[in-house]
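Take a look at the structure below.
The values are calculated or read from the model by the stated rules, or taken from the named source; none is laboratory data. Note that this is a predicted model, so its numbers are computed, not measured. Note that we place each Cβ from the backbone using ideal geometry, even for glycine, and neighbour counts take in every protein chain shown. In case anyone asks, the SASA skips ligands and DNA or RNA and just uses the protein heavy atoms, side chains included. Shrake-Rupley method; radii C 1.70, N 1.55, O 1.52, S 1.80 Å.
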Amino acid sequence: MNNELLLKIVKTAIESNFKDEVRVDKETLIKENSYLLEQRACFVTLTLNGKLRGCIGSLLAHRSLIDDLIHNAISAAIRDPRFSPLTKEEFENIKVEISLLTPAKPLEYSSFEDLEKKLIPNKHGVILELNGKRATFLPQVWEQLPTFNDFMVHLCKKAGLEPSNLSALPNIQTYEAIKIKE
């Protein structure tokens, strides 16, 4: 897998929003790199001056890697509800990070303490689901929230749940991510 190529696909997809003549040549890329047709889930994270500027992704592999990259790149740039659409000027200075996800696996646990023992910081991405509400944090979120309690409290809030809901033992799935950065 060519990391530089994956980053170029993401940057080109975003740039195509600003320049009509720019487009991802999917046909040629697939012909030369058949792995782009594999069904893969990924996240695209954009940062500007070291701060988050957009992050959108797929938790489940449901389309080809090239299509997931293009869709999530454009979505991170213009559809992340936390931010206004990326401007052409901002595009010139963004940094891109791609996270290629492994399939999520259910994590069996019997208590909050048991969950803490089983989650591996900086390795596990976590999907939390309870009462129809769901949220995820990529493994790299452990860098900003290094303690188990902080990580889980913020994940609950992201899902629209109170941290006290953790006593209800929500469904937890874990996955890992291969990070590709500029």
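How many Å² of accessible area per residue for the chain, probe 1.4 Å?
54
If I build a Gaussian network model for the chain, linking alpha-carbon pairs within less than 10 angstrom, which residue out of I127, I98, I78 has the largest mean-square fluctuation?
Greatest mean-square fluctuation among the candidates belongs to I78.
Take I120, I180, I30 and sort them by solvent-accessible surface of the protein heavy atoms, 1.4 Å probe, largest at the top.
On the way: I120 70, I180 5, I30 40 Å².
Reading off the accessible areas and sorting them downward yields I120, I30, I180.
How many angstrom lie between the C-alpha centres of region 117-137 and region 32-54?
The two parts, judged by their Cα centres, are 20 Å apart.
Using label points projected 7 Å from each Cα along Cα→Cβ, tell me how many nm separate E108 and Q39, to one decimal.
My value for the distance between the label points is 2.6 nm.
Can you pull the accessible area of V22 for me, 1.4 Å probe, Å² to the nearest 10?
Solvent-accessible area, nearest 10 Å²: 30 Å².
Can you compute the modelled spin-label distance between R82 and E129, with each label point 7 Å from Cα toward Cβ, in nm?
Simple spin-label model gives 2.2 nm for this pair.
Please list the radius of gyration and Dmax for region 1-105, considering alpha-carbon atoms only, with Å as the unit.
Taking only Cα atoms of region 1-105, I get Rg and Dmax of 13.2, 42 Å.
Quick check: residue separation of H154 and R23 times 0.36 nm, minus the Cα distance between them. What number comes out in nm?
Full extension from H154 to R23 adds 43.4 nm.
Using only alpha carbon pairs under 8 Å that are at least six residues apart, calculate the relative contact order of the chain and give it in whole percent.
On the way: 316 pairs, mean separation 39.0, N = 182.
Across the chain, relative contact order equals 21 percent.
How far apart, in nanometres, would the label points at K181 and S16 be if each is projected 7 angstrom from Cα along the Cα-to-Cβ direction?
About 2.8 nm separates the two model spin labels.
Could you tell me which of the pairs K11/K179; K8/K179; K95/K117; K51/K158; K95/K133 are separated by over 24 angstrom between their Cα atoms in the structure shown? Walk me through the intermediate numbers first.
Numbers: K11/K179 16 Å; K8/K179 15 Å; K95/K117 34 Å; K51/K158 18 Å; K95/K133 31 Å.
The pairs that break the limit, which is 24 Å between Cα atoms, are K95/K117; K95/K133.
When the convex hull of the C-alpha atoms of the chain is computed, what volume per residue in Å³ does it have?
Details: hull volume 21.1 nm³, N = 182.
Cα convex hull per residue, to the nearest whole number: 116 Å³.
Heavy-atom accessible area of M1 with all protein chains present, probe 1.4 Å, nearest 10 Å²?
110
Please state the shape class of region 1-40: rounded when a/c is under 1.5, otherwise prolate if a/b exceeds b/c and oblate if not, all from the C-alpha gyration tensor.
prolate
What's the carbon and sulfur percent of region 1-154's accessible surface, probe 1.4 angstrom, rounded to a whole number?
50
Out of S111, S164, S58, any idea which swings most in a Gaussian network model of the chain, alpha carbons joined below 10 Å?
Looking only at S111, S164, S58, the largest GNM fluctuation is found for S164.
Roughly what angle does helix 65-78 make with the longest principal axis of the chain, taking Cα atoms, 0 to 90 degrees, to the nearest 10?
80
Angle between the Cα long axis of helix 3-15 and the longest principal axis of the chain, 0 to 90 degrees, nearest 10?
70
Past 20 Å, Cα to Cα: identify those pairs from K19/K88; K26/K123; K26/K181; K31/K88, in the order given.
Flagged as over cut-off: K26/K123; K26/K181; K31/K88.
In percent, what relative contact order does region 116-182 have, based on Cα pairs under 8 Å that are 6 or more apart in sequence?
Numbers: 87 pairs, mean separation 26.4, N = 67.
It rounds to 39 percent for region 116-182.
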